[in-house]
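Heads up: the structure comes next, in structure tokens.
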Ligand code: UDP
């Protein structure tokens, strides 16, 4: 089966990293069409997945845009829509991996008469999107998609609550290659030395710097922990959220945590960095659609504490394979950090159990098989 994947992003977020795993088995007969140039293109090329940047024009629809802004930008998109429709004629399926890809892919699928699959990586609720964007996404998916793949039950539920068709929606979790998450103790020790955290209890937070990802909650929690507790913040402000980065630095200064919180920027060595941590914290203050970092921490055999909302609650069972805290509650988070600091034996047992179960549940070969079967039924 020949697939035209579409993704709006030039930079790799969770949806893009997931797409790499999905597109890999089809790389000799697929194309990933991007709506922006950047490091995601390079990552696809490194994975030998054919990629083409279909436009360099900025698509203006933002997550919170109103009807007139959305409509205005749609009229500018005609050249891109026709280009995608023309390209799609050489493929069996259009696979839209993001919301703007859905907008373009929906119209192109109609023009090229190709089935449309929409991979939903978002919780379509007003916490994350404007009413206009919600309506556009749900209506286009209902009208044009043969299949919606939701990345969690939480994403599916929000889609259906917003008016999406349940009967075309299937939940498929992200898949991971467990082998990529193994790091040798010597490598870990070296990295801890390089980071200057050999004698510290390191809490890692891995995500783009954005208010809803809640780095400020972790910083508040660190201030409530003993001095040996240190945090590393791994990730960049991917979507221009520089004001938030400034606020985080101010918060660190006010709390006197300059020596206890390190910003590492965007990194490609996530498994190694997770291995160098004692605990991984997921701190989103709005429901997380899936939460790749949670599964990655489990695969690295690291204890993970996650914010109890959205997809995270499908991944973590409190006290069994990780810990859950109320979103936005830094004191609760500090209590879990302190528990892990004091009882490292129990924490290690939980982490070990998490690794065993996660490597079975999220095995990429198994997940890709699920997707292959669903795509086959669409192409019929
Ligand atoms: N990530 C990365 N480098 C970084 C920070 C994050 O490669 O510096 C990866 C991380 O390992 C995870 C993804 O970005 O695979 C984030 O996915 P998640 O589902 O946690 O959040 P999203 O970005 O989709 O909101």
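Read-outs: derived from the displayed coordinates by stated rules, not from any lab. Note that the structure is predicted; figures quoted are calculated from it, not measured. Cβ sites come from the backbone with ideal geometry, for glycine too, and all protein chains shown count toward neighbours.
What is the angle, in °, between the Cα long axis of helix 242-255 and the longest principal axis of the Cα atoms in the chain? Nearest 10 is fine, range 0 to 90. The answer is roughly 10 degrees. When the P(r) of region 106-187 is calculated, the portion above 18 Å amounts to 48% of the C-alpha pairs. For region 295-369, what does the alpha-carbon gyration tensor say about shape, rounded, prolate or oblate, given a ≥ b ≥ c as the root eigenvalues, a/c under 1.5 as rounded, and a/b over b/c as prolate? It comes out oblate by the Cα gyration axes.
Compute the angle between helix 344-361 and the longest alpha-carbon principal axis of the chain, please, reported from 0 to 90 degrees and rounded to the nearest 10. Long axis of 344-361 versus the principal axis of the chain: about 20 degrees. How high is the relative contact order of the chain, given as a whole-number percent (alpha carbon pairs under 8 Å, six or more residues apart)? Worked out over the chain, it gives 14 percent. Helix 78-88 and the longest principal axis of the C-alpha atoms of the chain enclose an angle of approximately 90°. Helical content alone sets the calculated 222 nm signal of the chain at -14000 deg cm²/dmol, taking -39,500 (n - 2.57) per DSSP H segment of four or more residues and averaging over every residue. Relative to the compact-globule estimate of 2.2 N^0.38 Å, the Cα radius of gyration of region 1-151 comes out at 0.96.
Normalised by 2.2 N^0.38 Å, where N is the number of residues, the C-alpha radius of gyration of region 189-268 stands at 1.06. Its Cα gyration tensor gives region 104-151 an equivalent ellipsoid. The semi-axes, each the square root of 5 times an eigenvalue, are 21, 12, 7 Å from largest down.
Taken along its three principal axes, the alpha carbon spread of region 75-141 comes to 38, 24, 14 Å, from the longest extent down to the shortest. Residues of region 252-276 with backbone nitrogen within less than 16 Å of a virtual label 7 Å along the Cα-to-Cβ line of residue 46, please, listed as ranges. Residues passing the 16 Å test: 265-274. Largest first and in whole Å, the equivalent-ellipsoid semi-axes of region 130-285 read 36, 21, 12, each the square root of five times a Cα gyration tensor eigenvalue.
Of the peptides 369-379, 106-116, the ranking by mean beta-carbon count within 10 Å, highest at the top, reads 106-116, 369-379. The equivalent ellipsoid of region 234-380 has semi-axes of 29, 21, 15 Å, largest first, where each one is the square root of 5 times an eigenvalue of the Cα gyration tensor. Put simply, the convex hull of the Cα atoms in region 143-190 casts, on average, a shadow of 5.4 nm².
Compactness of region 1-44 is given as radius of gyration and Dmax, 9.7, 28 Å, from Cα positions. Taking the centroid of alpha carbons for each part, region 241-315 and region 325-371 are 13 Å apart. Assuming a ≥ b ≥ c are the square roots of the Cα gyration tensor eigenvalues, decide whether the chain counts as rounded (a/c under 1.5), prolate (otherwise, with a/b larger than b/c) or oblate. Cα axes put the chain in the prolate bin.
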